[in-house]
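The values are calculated or read from the model by the stated rules, or taken from the named source; none is laboratory data. Quick caveat: nothing in here was measured; it's all calculated off a predicted structure. Because the Cβ atoms are built from the backbone with ideal geometry, glycine has one as well, and the counts that use them run over all protein chains shown.
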Amino acid sequence: MDARRFGTLANAVHIVLGLGCILAFAISLWGGEVTMVGFPVLFLLAAILNFFTAHTRFRKDIRGRNLRLAGIRHVVWGIVLLILCYVTIMCVW
């Protein structure tokens, strides 16, 4: 896939996952205990978004160190969000 198509795909994925995070946040805060399932979904979508952002950083990195460090930072945050997703799943169910 060329850089132009990947950039368009990356923008679309960021928009869809960002809107999904906002929707999961709104649903989880709207109701009571029934809608608490939205919290694990929120953390899972945020983790997927961080992993995808890390992938785009690694893909853009040719020789630069800054983008590689930014990609590693996104991977670490994605792992932290996956752990939070697991903890909230255990707490909700």
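Miscellaneous remarks
- Taking the listed residues Arg65, Arg57, Arg4, Arg73, the one that is touching a His at 6+ places or on another chain (Cβ under 9 Å) and free of Cβ contacts under 8 Å to residues at least 40 places away in the same chain is Arg57, with no other qualifying.
- Residues of the range 30-59 that are in contact with a Ser or Thr (Cβ under 8 Å, 6 or more places away or on another chain), among the aliphatic types (A, V, I, L, M) and over 18 Å from Gly78 (Cβ atoms): Met36, Val37.
- Residue match in the range 71-92 (condition: modelled with pLDDT of 85 or more, within 21 Å of Thr8 (Cβ to Cβ) and over 11 Å from the mean Cα position of the chain (by Cα)): yes
- Within the range 26-42, residues that are surrounded by 14 or more Cβ atoms within 10 Å (Cβ to Cβ) have Cβ atoms under 7 Å from residues that are at pLDDT below 80 and in a helix (DSSP H, G or I) in these pairs: Ile27/Thr35; Ser28/Thr35, counting only partners at least 6 apart in sequence or on another chain.
- Residue in the range 48-60 that is surrounded by fewer than 17 Cβ atoms within 10 Å (Cβ to Cβ), of a type in the set (D, E, K, R) and touching a helix residue (DSSP H, G or I) at 6+ places or on another chain (Cβ under 8 Å) present: yes
- Answer from Arg65, Arg73 - the residue that is surrounded by fewer than 15 Cβ atoms within 10 Å (Cβ to Cβ), in contact with a helix residue (DSSP H, G or I) (Cβ under 9 Å, 6 or more places away or on another chain) and of a type in the set (Lys, Arg): Arg73
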